[in-house]
Amino acid sequence: MLTPNLKDLPAGDHGFHIHQNPSCESLKKDGISIAGLAAGGHFDPGNTGKHEGYMGHGHKGDMPVLTVNPNGTADKALIVPHLKEVDILGRSIMIHAGGDNYSDTPLPLGGGGARIACGVIKQVEVSEGGQGSADNEVGTLLTVFQNLANSF
């Protein structure tokens, strides 16, 4: 299960995926700068090449649609049955401009379109009080999102 705690996003449904690379940098494709392109494609360790959604047998990085509330927040827990912590550490997590129909038709990769927010997933140590501590053995995931709107 993944519980986002996000804000300042456009309201509505958005494609939400784990991407292959631990980078949110822009790269050029055909001479055009594309936000978050360094994140690579959807995490697909089985090289299925299929976009079948979080309950299907395609990309392992497919997750349920992220629904952003009218106030720009997203905090609804999502079931991600194919992913474990070890799968996502050192990868990126991506929010797309549009929703996701879990198909490659009529548009590829669910039709989510542009990448609007991205974060690199890292493991950090936290103390029971929530403060970082090098001696603490309790690990948790910290996902830092970067708004990609101004990164062109």
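Assorted remarks:
- For segment 95-118, the criterion of being in contact with a Phe, Trp or Tyr (Cβ under 9 Å, 6 or more places away or on another chain), acidic (D, E) and at pLDDT 90 or above is met by no residue.
- The single condition from (1) crowded, with 17+ Cβ neighbours inside 10 Å; (2) more than 11 Å from the chain's Cα centre (by Cα); (3) within 20 Å of K122 (Cα to Cα) that T3 fails is (1).
- Given (1) closer than 20 Å to P10 by Cα; (2) at pLDDT below 90; (3) aliphatic (A, V, I, L, M); (4) under 13 Å from the mean Cα position of the chain (by Cα), index of the condition I121 fails: (1)
Each row is one residue, and each column tells you yes or no for (1) in a strand (DSSP E or B); (2) polar (S, T, N, Q).
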residue	(1), (2)
D8	no, no
H17	yes, no
M55	no, no
P64	no, no
P70	no, no
H82	no, no
I93	yes, no
S103	no, yes
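- Residue tally, condition among the β-branched types (V, I, T) and free of Cβ contacts under 8 Å to residues at least 60 places away in the same chain, over segment 62-98: 3
The values are calculated or read from the model by the stated rules, or taken from the named source; none is laboratory data. Quick caveat, the model's predicted, so the values are computed rather than measured. Neighbour counts run over all protein chains shown; Cβ positions are idealised from the backbone, glycine included.
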